[in-house]
Amino acid sequence: MLTVSQLTRRFGPILALDDVSFTVTPGTLTGFVGANGAGKTTAMRIIMGVLAAHGGSVQWEGRAATAADRAQFGYMPEERGLYPKQKVADQLVHLARLHGMPPPAAKSLVMELLDRFGLADRAKDKLEALSLGNQQRVQITAALLGHPRLLVLDEPFSGLDPNAVEQMTEVLRDQASRGVSVLFSSHQLDIVDRLCDTLVILAGGRVVADGTLDQLRTRGVPRHRIVLGADASWVRGRPGIEVERVDGSSAVIQILATGAEQQLLAEALRRGEVHEFARIVPTLTDLYQEITAA
């Protein structure tokens, strides 16, 4: 398990990370979400040992992470680090051998991963001859070499077409199913919403929310939509609720008091037909905007 505790990092007068703490448990996909400049890349670099922290700690399996531990981490940096003028398979095999794999096993693993991303037929091409999306696939292949126990991926979905996004999600789910801890950042909240088990949301260098999607969705005041068979304007002024909007026969309300929804529903049924009365489940985009605006 990866445990990040009270990380602090400054760049001159700028406090890039301010007491950042979170965990990534084995077999889970954790989304690292925040605006540009929120501190995601800085935190990832500290986890990988590329950048030093000014305070706090990074622990792996209950103790301070060492260089030997980090050799078991797979990393996709924000600045892609492969060589554009080298052949794809050659440099990946070289990286696999740096992980201690013998040449036959290294080549076999590289070709297996390239085939999974639909790139086996481009193995002998120079990296620069590939599209940006395919270069991204090669970069994630490099992060998977060495059978990592932790994956730290900075914007792995950037520049990918829909088919490549599906391939990437399958690969990450497969890694998690094998017990790998996966931490990745992304601005594509729809992907994070359907892929992640847990979320860490950063704003201004601080963790402003973390937990499962269900936990985050139950934050705040419950909101409901009610759709009636007639005009819904009468819901205004009802005790224990706040009306956000009324549009003809429908209304969106907040429940402020225990039992208020039952009283409202009983009154609605007394007045006529009720076509819908349901809690509104916020999307991750809604949650993110609400949390970061607070």
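The values are calculated or read from the model by the stated rules, or taken from the named source; none is laboratory data. Since we're looking at a predicted model, the values are computed, not measured. Quick reminder, even Gly has a Cβ in these numbers, built from the backbone with ideal geometry, and neighbours come from all protein chains shown.
Tallying residues that are surrounded by 11 or more Cβ atoms within 10 Å (Cβ to Cβ) and either hydrophobic (A, V, I, L, M, F, W, C) or assigned to a helix (DSSP H, G or I) (or both) within the stretch 245-261 yields 8.
This table checks each residue for (1) surrounded by 15 or more Cβ atoms within 10 Å (Cβ to Cβ); (2) modelled with pLDDT of 95 or more; (3) in contact with a Gly (Cβ under 9 Å, 6 or more places away or on another chain); (4) not assigned by TED's automatic domain parsing to the domain that holds D286.
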| position | (1), (2), (3), (4) |
| --- | --- |
| T8 | yes, yes, yes, yes |
| T23 | yes, yes, no, yes |
| G37 | no, no, yes, yes |
| V50 | no, no, no, yes |
| A68 | no, no, no, yes |
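Among the conditions (1) in a loop (DSSP other than H, G, I, E, B); (2) closer than 29 Å to D174 by Cβ; (3) touching a helix residue (DSSP H, G or I) at 6+ places or on another chain (Cβ under 6 Å), F32 misses just one, which is (1).
With respect to the conditions (1) within 24 Å of S185 (Cα to Cα); (2) assigned to a helix (DSSP H, G or I); (3) more than 24 Å from the chain's Cα centre (by Cα), Y83 lacks only one, and its number is (2). Taking the conditions (1) over 30 Å from R173 (Cα atoms); (2) in contact with a Cys (Cβ under 8 Å, 6 or more places away or on another chain) in turn, L213 satisfies each one other than (1).
Being crowded, with 18+ Cβ neighbours inside 10 Å and either basic (K, R) or out of contact with any Cys (no Cβ under 7 Å at 6 or more places or on another chain) (or both) is not true of A129.
Only residues that are of a type in the set (S, T, Y) and surrounded by 13 or more Cβ atoms within 10 Å (Cβ to Cβ) were counted across the stretch 52-66, and they come to 1. The C-beta contact set for the stretch 113-128 (first residue among the aliphatic types (A, V, I, L, M), second residue in a strand (DSSP E or B), distance under 9 angstrom, 6+ apart or interchain) comprises A123/K87; L127/K87. Considering (1) over 16 Å from M1 (Cα atoms); (2) in contact (Cβ under 8 Å) with a residue 40 or more places away in the chain; (3) not polar (S, T, N, Q), the lone condition that V93 does not fulfil carries the number (2). Kindly establish whether T212 is assigned by TED's automatic domain parsing to the domain that holds T23, out of contact with any Leu (no Cβ under 7 Å at 6 or more places or on another chain) and either under 30 Å from L15 (Cα atoms) or surrounded by 12 or more Cβ atoms within 10 Å (Cβ to Cβ) (or both). Spelling it out, T212 is indeed assigned by TED's automatic domain parsing to the domain that holds T23, out of contact with any Leu (no Cβ under 7 Å at 6 or more places or on another chain) and either under 30 Å from L15 (Cα atoms) or surrounded by 12 or more Cβ atoms within 10 Å (Cβ to Cβ) (or both). Go over the candidates A164, A106 one by one and state the one that is of a type outside the set (K, R), surrounded by 15 or more Cβ atoms within 10 Å (Cβ to Cβ) and touching a residue at least 40 places away in the same chain (Cβ under 8 Å). One residue alone meets the criteria, A164. Taking the conditions (1) outside any helix (DSSP H, G or I); (2) loosely packed, with under 15 Cβ neighbours inside 10 Å; (3) not charged (D, E, K, R) in turn, T285 satisfies each one other than (1).
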